[in-house]
Amino acid sequence: MRADNSATHPSSIAVAEPAGPLRTTPAIRPEAAEAATAGRGPGSGPARRPSAGRSGTVLAGLGVVAFSLTFPATVWGLESFGPWSLVALRSVLAALIAGGVLLAARVPLPARRHWAGLAVVGGGVVVGFPLLTTLALRTSTTSHAAVVVGLLPLTTAVLGSLRTGERPSRAFWAAALAGAGVVIAFTVWQSGGALAPGDLYLFGALLVCAAGYTEGGRLARLMPGWHVIGWALVLCLPLAVAGSLVALPLEPVHLNAHGVLGLVWVAAGSTFLGLYVWYRGMAAIGVARASQLQLAQPLLTLLWSFLLLGEEMTAAAPVAAVAVLVCIAATQRVGRGAARESRRARS
């Protein structure tokens, strides 16, 4: 008979079990085992170490900066490509980058139970959001399209709470609603308060992107964030290649420096690198807290649009920026306080 390990049992002497019903160890769910390996319990929310929380905020913030360049880069890309060609090519290039990195790192295929979640990520942030926003930007300015990003943080926080079990406090929701209100009021006023023809595309993009962010944030607790976006991109590669083969012969192509730079950025910067740091940040600080950092994204987009596209920047922008920063600080402070209370309760 095998003796049990003395480090885990009171006695190092093997003792026969008394006769009786067979006792079994409760089964451990695969998700719990993966999360334990990563040092986090499933649905546990923010990482336990304060330093991980700070680094998570920085990573998610870098993702927001990368995303803020997406609309201006898309406008540049549309100078050379049609909307369907641009979206298909950005997905192909991003998938080739991701596939090369996964292959070089010899990353094994994800477990079968994760493929449905990866399909949601791919459908939301790899295909749905880029396609719908690109179609909208044919008739909308980047400043008007920023209203989508103004609503995205709140929508992501709501879906994240429903999907991952996070329960932010009332103070968090108050600050999140205030931040969304500031951004929406500013962006609608900036665009003159009128609905643009592409608004249906924009609101559709809002919903699919929030779903992709939420599912990606959940999966990033079970596997590294770059694995999440990497496999989601690879999963979408056959569809992207087929779309490129169909769209390129049907849409005009006029290559210039802006068009090529725009395509490269939305593929490598926004789609791969941006989502890589974004999902790592979400895994560290939680979907709800990370989502509120995106309140700054519309204002950053307006800044890039002013610098790169020559669009108008009004005097109200700095006022809105200060108000948004206050709301972001409030959501992050409340989130850090909740994380500390959670650590005390577990200890």
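The values are calculated or read from the model by the stated rules, or taken from the named source; none is laboratory data. The structure presented is a predicted model; accordingly, all values stated were derived computationally and were not measured. Ideal geometry is used to build each Cβ from the backbone, glycine not excepted, and the neighbour counts take in all protein chains shown. Surface accessibility is based on the protein's heavy atoms, side chains included, excluding ligands, DNA and RNA. Shrake-Rupley method; radii C 1.70, N 1.55, O 1.52, S 1.80 Å.
Quick notes
- Within the stretch 49-64, residues that are under 24 Å from residue 209 (Cα atoms) reach partners that are modelled with pLDDT of 90 or more and of a type in the set (Gly, Ala, Ser) with beta carbons closer than 9 Å, at six or more positions or on different chains, in the pairs 62/274; 63/274; 64/274.
- Entirely in the stretch 190-298, the helices (runs of 4 or more DSSP H) that have 3 or more residues that are under 15 Å from residue 133 (Cβ atoms) and either within 20 Å of the chain's Cα centre (by Cα) or in contact (Cβ under 8 Å) with a residue 12 or more places away in the chain (or both): 199-219
- Exactly one residue out of 140, 169 is surrounded by 19 or more Cβ atoms within 10 Å (Cβ to Cβ) and either closer than 24 Å to residue 65 by Cβ or polar (S, T, N, Q) (or both), and it is 140.
- Output for the stretch 102-129, where each listed residue is β-branched (Val, Ile, Thr) and buried (at least 16 other Cβ atoms within 10 Å of the Cβ): 120, 121, 125, 126, 127
- Among residues of the stretch 223-237, those that are modelled with pLDDT under 90 and in contact with a helix residue (DSSP H, G or I) (Cβ under 6 Å, 6 or more places away or on another chain), counted: 2
- Residue check for residue 154: closer than 27 Å to residue 305 by Cα, among the hydrophobic types (A, V, I, L, M, F, W, C) and open to solvent by 30 Å² or more (accessible area, probe 1.4 Å): yes
- Taking the conditions (1) open to solvent by less than 20 Å² (accessible area, probe 1.4 Å); (2) small (Gly, Ala, Ser); (3) at pLDDT below 85 in turn, residue 281 satisfies each one other than (3).
- Residues that are on the phi < 0 side of the Ramachandran plot, crowded, with 24+ Cβ neighbours inside 10 Å and in contact with a helix residue (DSSP H, G or I) (Cβ under 8 Å, 6 or more places away or on another chain) occur at least once in the stretch 302-320.
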